[in-house]
Amino acid sequence: MALRLPTTDDDGPVITRRKVPLDNNLDMTPMIDVTFLLLIFFLVSSVPDVRAALDLPSADHGVGVSRRQALVISVVPTDDGRGVTVYLADGRLGDPLPPGTEAQETMIHAAAEAAARAGTQQVLIKAEKNVRHRDVARLIRAASVDGVSVNLAVMELD
């Protein structure tokens, strides 16, 4: 038996790999396209927090008050329109105060006194259009503390 050496015809095709060229420049266009597509998606699919927004009446004249430097009290009418729901926050955020008028007045007076002790000199009452004047006047009396001025929030006319 003779020893046979393999030939190139018997080995089959030989696949040679080409060296991959190194490219130091990255194409950022696809990444920018994806970023803008994500931005558009989130802008279109986002839902604004309509609970926090209040429907304020408009005003012709007045001086602005910074809500960051004031104790903000938000007042919205109840669903039946006979009473009000009061929040010690800017908008319908958090838990509302208890529905009783005496309890609301006591809590608002205590919050105004605490704000005055902390150095806050302004109370800002944000009442929606449909809130009755007597409810707003009751809250103004409850928030009246020495050294603190009470202001009503309105929308500015364009």
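Overview of values
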item	result
Search result, residues across region 125-134 that are among the basic types (Lys, Arg) and part of a strand (DSSP E or B)	Lys126
Residue tally, condition of a type in the set (Lys, Arg) and in contact with a strand residue (DSSP E or B) (Cβ under 7 Å, 6 or more places away or on another chain), over region 60-116	2
Residue, farthest from Arg92 (Cα to Cα), within region 117-135, restricted to residues that are crowded, with 17+ Cβ neighbours inside 10 Å and among the hydrophobic types (A, V, I, L, M, F, W, C)	Val123
Candidates Ala153, Ala115 - the one that is touching a Lys or Arg at 6+ places or on another chain (Cβ under 9 Å), among the small types (Gly, Ala, Ser) and within 20 Å of Arg67 (Cα to Cα)	Ala153
Residues (among the acidic types (Asp, Glu) and either in a loop (DSSP other than H, G, I, E, B) or touching a residue at least 60 places away in the same chain (Cβ under 8 Å) (or both)) located in region 85-124	Asp90, Asp95
Candidate set from region 19-76 (those that are of a type in the set (S, T, N, Q) and under 30 Å from Gln122 (Cβ atoms)); member that is modelled with the highest pLDDT	Ser74
Test for Arg68: is it among the basic types (Lys, Arg) and assigned to a helix (DSSP H, G or I)	yes
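Quick grid of which residues meet (1) within 19 Å of Val65 (Cα to Cα); (2) of a type in the set (A, V, I, L, M, F, W, C):
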residue	(1), (2)
Arg82	no, no
Asp90	yes, no
Thr101	no, no
Ala111	yes, yes
Glu128	yes, no
Arg138	no, no
Ala143	yes, yes
Asp146	yes, no
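The values are calculated or read from the model by the stated rules, or taken from the named source; none is laboratory data. The shown structure was predicted, so the numbers you read here are calculated from the model rather than taken from an experiment. Quick reminder, even Gly has a Cβ in these numbers, built from the backbone with ideal geometry, and neighbours come from all protein chains shown.
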